[in-house]
Structures are given as structure tokens and as C-alpha cells.
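Here the structure comes first, spelled out in C-alpha cells, and everything after it is commentary.
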Amino acid sequence: MPGFELFSDLERKEVNDVLDNGVLMRYGFDGMRNGHWKAKELEAELATTFQSNHVQLVSSGTAAVSVALASAGVGAGDEVIMPTFTFVASFEAIMMLGAIPILVDIDDTLTLDPKAVEAAITPKTKAVMIVQMCGSMGNMDALQDICNTHNLLFVEDACQAIGGTYNGKPLGSIADLGCFSFDFVKTITCGEGGAVVTNNKDYYINADHYSDHGHDHLGNDRGAETHPFLGYNFRISELHAAVGLAQVRRLPEFISIQKRNYTILRNALSRVPGVTFRTVPKGGEESYAFLNFFLPDAESSQKVIEAFKTGGVDACWNYYHNNWHYIKEWNHLKDLKSLFPISTEVKKGLEYLQTKTFEQSDSYIARNISCLIKLSWTEDEVKARAEKMAKIIKAHI
Ligand SMILES: *Cc1c(COP(=O)(O)O)cnc(C)c1O
């Protein structure tokens, strides 16, 4: 997945453009910048890449989720349904707005189970946020139907699925709002950065203002700005945007390398009895950022992961006890360990985490192995790796 593996002179050239005129900020300084608007240029390129009318760059993927929800008016006491398998950023971004993350089971797509979503809807539910984990997607049609029926906002966290598609549409561009991260380990990187993507002009204008102190960005050189509402600072810098500009132009190349490497590994593992793969909905095409497969039971996946480690197969994980990605070890959330007081409404809203169990998620995550697809592997390296992995799996299940 990581674009940083193929960092090159192209990125350096874009960054040097910014350093040469010294305007590191994306807004204002119109005269000084000699026509360099890296953030604006990157937004235009991303709009094309993600086939969306509007793109607002922000400082991170986590900021993108907060800004996306805020731009559609999600706030204090609102419930946002999200999956048990994601990155901690998902609930952080929701809680930052005083909203309440409602975690629900995943299915064999490794993200939201539509039945679990439907069962979690209450009068307080405002949004459903799917997380397109590890380069693939959930059942978008069923989730969109549920959101339509219950008049809910549909948000896609596509931070890990840059370049994946559903019915030919880029992941992140399908729901009302999409969120991307360009942190250092994502498919394309800015170093740090993120984006909110939408076809809704009002959400876009809100995101533009909200991510820069509520400034409305009117007038030449910011001369006529007012504050239609309160905001924060989630800006990206010109330096970060410059890196992203070089990276986004290389996305097709990155995806084709990922696809080649993924396909070699998948073909080898599909010949191993007992190995099955995550379900990719019909019409979906993964970004090939990860290869995810299931083994028959939790014990064999533990044994295989251990054997991968001792056998020199790196970058593969079982997420069951992973405290970045799975609810099992999120004790700081369950125990509400906050630096500062949290509202009683949010506290009450999160009480369900004390008792609710997630057997269905457990059953998928415990049997899952997720392998990062690197861009820097040569074809021969991937072939050798595929053979080694198949051999280890056969010996342990
Ligand atoms: C990386 C990631 C984020 C957060 O992105 P940052 O840019 O690191 O803040 C959010 N959601 C998912 C699924 C991610 O993988």
C-alpha cells in the first residue's frame, strides 16, 4: 500500500516549487506565490481521480472524518454507526464533535453488516459510516437503502481504499461524503494530510470554512472574509500538498503494481485447501492494498501468523488482539479514559460498550489474516513469498 516506498524526484520537484517562493500556506499571499497553488491543484486532481464535484483537503484522515460529519451538521448527542474493525481514528473523529460512536458487527466483507446497522438505528442516529478496510468495500447498495429508508447521512471512510471501485465508481465517492487519508503509510501520501470528497455543494462549502476557522475565503487575497460560523484549523500546508500532487499522478502505476503483487499471492493461496477470501461485493474491485484471507479456525490463524514471523514472512497480521484496529483491546474507549471531562450524554451513550459482545465480528477477525501488499517487491520476490506462505499455511492447518 505505501506510496512512500516509491518516493522520488517527482515529489522533490513539487516541494522545491513551494520552497523556491516561500509561501507555505495554502490560502492568501496571492502576489508572493508566483502562481503556485499546490493545495488547489491537488484538490482539482483529486476531484478527477475520485470523480467527485468537490474536494476539500485537510490536515489528516482523522480530520477528514470530523470535518465531513461536521459539514453535514452531525454534533452533540448524535449517534454515528460504525464498524468494530477499523482504526481508532474512527471513534476519535466522532467523539471530537460530541457525537456518540455506535459500534456494530462486521460481516465477511470485513466491514459493516447491513443487518447489524439496521438493528442499531435509534431516534438519535444521524449517520452511518462505513470503513472500506484494507482496500475493499462493504455491501454499498444495502447500506445506501437503509440510509435512504431512515433518512440517514451515509459516509465512507476510504482511507485504506484509495483506488478501489464499486460499479466503476471510486470508493469514497459513492456515499454522501467520502474521507481519505494521505498519511505516511497510505497508498498515496502527503506525509500528513487528508481529504473530504462530496458532490454536495453545501457540505463542501461548510467543509471549506470549517477546516479554516470558519473563514469564508471571499475576496482577493482574503480581503473580504467574514465568519458565517465557528470553525477550527484542519488546514493542509502547501508543502504537504506538493508531495501529494506528485503522488496522485502516480496512483495508476501504484495500483497496477499492487494488483500484480496481490494476484500472484492470491493465486498461490487459492490452491491451498482451507483458505477462503473475504467477500468482495459483485461490481466491486479492490484497490489491492491488502490481501485478506480466512483460515478454518482461530487456532490455525494464530499458528500461521507465528510461523510467518519465524519463517520471515513480514507485513501480515491477525487483528484479533491488535489495539489499533479491533474493538477487543480498545480499553481506553470502553473505560472512557479521557484527559478532560466528557459530557454525561456521551458517557451514557457509550455505556453499551460495557456489556455488548461482538461474536460475529470476533468469528471473522479471529480467523482472518491480512497481508500488506508492498509496491517495492519485485515479481520474483512476490513469487518466492507466495510459495513460502502457501507452504507454511499447508503445514499448520
Ligand atoms: C489512516 C486511517 C485513518 C486516519 O488517517 P490519519 O491521516 O492518520 O489521521 C482513518 N481511518 C482509517 C481506516 C485509516 O486507515
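The values are calculated or read from the model by the stated rules, or taken from the named source; none is laboratory data. Quantities reported herein were computed from a predicted structural model and do not represent experimental measurements. Neighbour counts are summed over all protein chains in view; Cβ atoms, including those assigned to glycine, are modelled from backbone coordinates with ideal geometry. Accessible surface is based on the protein model in full, side chains and every heavy atom, while ligands, DNA and RNA are left aside. Shrake-Rupley method; radii C 1.70, N 1.55, O 1.52, S 1.80 Å.
I'd like the residue in segment 146-160 that is more than 10 Å from the ligand (Cβ to nearest atom) and touching a residue at least 12 places away in the same chain (Cβ under 8 Å) and, out of all such residues, is nearest to residue 110 (Cα to Cα). Don't jump to the end; show me each part of the working.
We begin by selecting, within segment 146-160, every residue more than 10 Å from the ligand (Cβ to nearest atom); these are 146-156.
Keeping just the survivors that are touching a residue at least 12 places away in the same chain (Cβ under 8 Å) gives 146-147, 150, 152-156.
On the way: 146: 19, 147: 20, 150: 24, 152: 22, 153: 21, 154: 18, 155: 17, 156: 14 Å.
By that ranking, first place goes to 156.
Can you name the residue in segment 97-112 that is open to solvent by less than 10 Å² (accessible area, probe 1.4 Å) and part of a loop (DSSP other than H, G, I, E, B) and is also farthest from the ligand (Cβ to nearest atom) among such residues? First the steps, then the outcome.
First pass over segment 97-112, keeping only residues open to solvent by less than 10 Å² (accessible area, probe 1.4 Å): 99-101, 103-104, 106, 109-112.
From what's left, part of a loop (DSSP other than H, G, I, E, B): 99, 109-111.
Values: 99: 16, 109: 14, 110: 11, 111: 10 Å.
Taking the candidates together, the pick is 99.
Looking only at segment 75-96, count how many residues are surrounded by fewer than 23 Cβ atoms within 10 Å (Cβ to Cβ), assigned to a loop (DSSP other than H, G, I, E, B) and over 13 Å from the mean Cα position of the chain (by Cα).
5
What do you reckon, is residue 115 among the charged types (D, E, K, R) and within 20 Å of residue 346 (Cα to Cα)? Walk me through how you get there before you give the answer.
Values: among the charged types (D, E, K, R): yes; within 20 Å of residue 346 (Cα to Cα): no.
Against the criterion (among the charged types (D, E, K, R) and within 20 Å of residue 346 (Cα to Cα)), residue 115 does not qualify.
How many of the residues making up segment 183-230 are out of contact with any Asp or Glu (no Cβ under 9 Å at 6 or more places or on another chain) and of a type outside the set (A, V, I, L, M)?
So the count comes out to 13.
Considering (1) of a type in the set (Asp, Glu); (2) crowded, with 21+ Cβ neighbours inside 10 Å; (3) farther than 30 Å from residue 332 by Cα, say which one residue 20 fails and leave the rest.
(2)
Considering (1) outside any loop (DSSP other than H, G, I, E, B); (2) more than 16 Å from the ligand (Cβ to nearest atom); (3) within 18 Å of residue 362 (Cα to Cα), say which one residue 118 fails and leave the rest.
(3)
For segment 83-96, does any single residue satisfy the condition of being more than 16 Å from the ligand (Cβ to nearest atom) and in the same structural domain as residue 184 (by TED's automatic domain parsing)? Steps first, answer last, please.
Taking segment 83-96 first, the residues more than 16 Å from the ligand (Cβ to nearest atom) are none.
Within segment 83-96, none of the residues are more than 16 Å from the ligand (Cβ to nearest atom) and in the same structural domain as residue 184 (by TED's automatic domain parsing).
Working only within segment 333-358, note down all residues that are under 22 Å from residue 87 (Cβ atoms) and part of a helix (DSSP H, G or I). Give the steps one after another, and end with the answer.
The initial filter retains those residues of segment 333-358 that are under 22 Å from residue 87 (Cβ atoms), namely 333-339, 342, 346, 349-350, 352-353, 356-358.
Matches in segment 333-358: 333, 334, 346, 349, 352, 353.
Evaluate the following for residue 4: is it closer than 30 Å to residue 261 by Cα, within 18 Å of the chain's Cα centre (by Cα), buried (at least 24 other Cβ atoms within 10 Å of the Cβ) and within 15 Å of the ligand (Cβ to nearest atom)?
Values: closer than 30 Å to residue 261 by Cα: yes; within 18 Å of the chain's Cα centre (by Cα): yes; buried (at least 24 other Cβ atoms within 10 Å of the Cβ): no; within 15 Å of the ligand (Cβ to nearest atom): yes.
Here the answer is no, as residue 4 does not meet what is asked.
State all residues of segment 26-40 that are assigned to a helix (DSSP H, G or I) and either outside the structural domain of residue 240 (by TED's automatic domain parsing) or within 21 Å of residue 202 (Cα to Cα) (or both); if no residue qualifies, say none. Spell out the reasoning first.
The initial filter retains those residues of segment 26-40 that are assigned to a helix (DSSP H, G or I), namely 38-40.
Listed by number, the residues that qualify are 39, 40.
Does residue 38 count as basic (Lys, Arg) and open to solvent by 30 Å² or more (accessible area, probe 1.4 Å)? Step through it out loud before you land on a result.
Numbers: basic (Lys, Arg): yes; open to solvent by 30 Å² or more (accessible area, probe 1.4 Å): no.
Taking the combined requirement at face value, the residue does not satisfy it.
I need a count of the residues in segment 119-152 that are open to solvent by 20 Å² or more (accessible area, probe 1.4 Å) and on the phi > 0 side of the Ramachandran plot.
1
Any idea which of (1) assigned to a loop (DSSP other than H, G, I, E, B); (2) open to solvent by 70 Å² or more (accessible area, probe 1.4 Å) is the one residue 272 doesn't satisfy?
Tallying (1) assigned to a loop (DSSP other than H, G, I, E, B); (2) open to solvent by 70 Å² or more (accessible area, probe 1.4 Å), residue 272 fails exactly one: (2).
A quick yes/no check of all residues on (1) among the charged types (D, E, K, R); (2) surrounded by 14 or more Cβ atoms within 10 Å (Cβ to Cβ); (3) assigned by TED's automatic domain parsing to the domain that holds residue 123; (4) closer than 17 Å to residue 106 by Cα:
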{"site": "332", "(1), (2), (3), (4)": "no, no, no, no"}
{"site": "337", "(1), (2), (3), (4)": "yes, no, no, no"}
{"site": "341", "(1), (2), (3), (4)": "no, no, no, no"}
{"site": "351", "(1), (2), (3), (4)": "yes, no, no, no"}
{"site": "373", "(1), (2), (3), (4)": "no, yes, no, no"}
{"site": "387", "(1), (2), (3), (4)": "yes, no, no, no"}
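Does residue 163 meet the test of being within 16 Å of the ligand (Cβ to nearest atom), over 16 Å from residue 82 (Cα atoms) and part of a loop (DSSP other than H, G, I, E, B)?
Considered against the rule, which asks whether it is within 16 Å of the ligand (Cβ to nearest atom), over 16 Å from residue 82 (Cα atoms) and part of a loop (DSSP other than H, G, I, E, B), residue 163 comes out as yes.
Return only the number of the condition from (1) assigned by TED's automatic domain parsing to the domain that holds residue 40; (2) in a helix (DSSP H, G or I); (3) within 20 Å of the chain's Cα centre (by Cα); (4) charged (D, E, K, R) that residue 235 does not satisfy.
Answer for residue 235: the failing condition is (2).
Could you tell me which of the residues 202, 208, 176 is assigned by TED's automatic domain parsing to the domain that holds residue 50, more than 15 Å from the ligand (Cβ to nearest atom) and surrounded by fewer than 18 Cβ atoms within 10 Å (Cβ to Cβ)? It would help to see each step written out before you state the result.
On the way: 208 fails: surrounded by fewer than 18 Cβ atoms within 10 Å (Cβ to Cβ); 176 fails: surrounded by fewer than 18 Cβ atoms within 10 Å (Cβ to Cβ).
Just one listed residue meets the conditions, 202.
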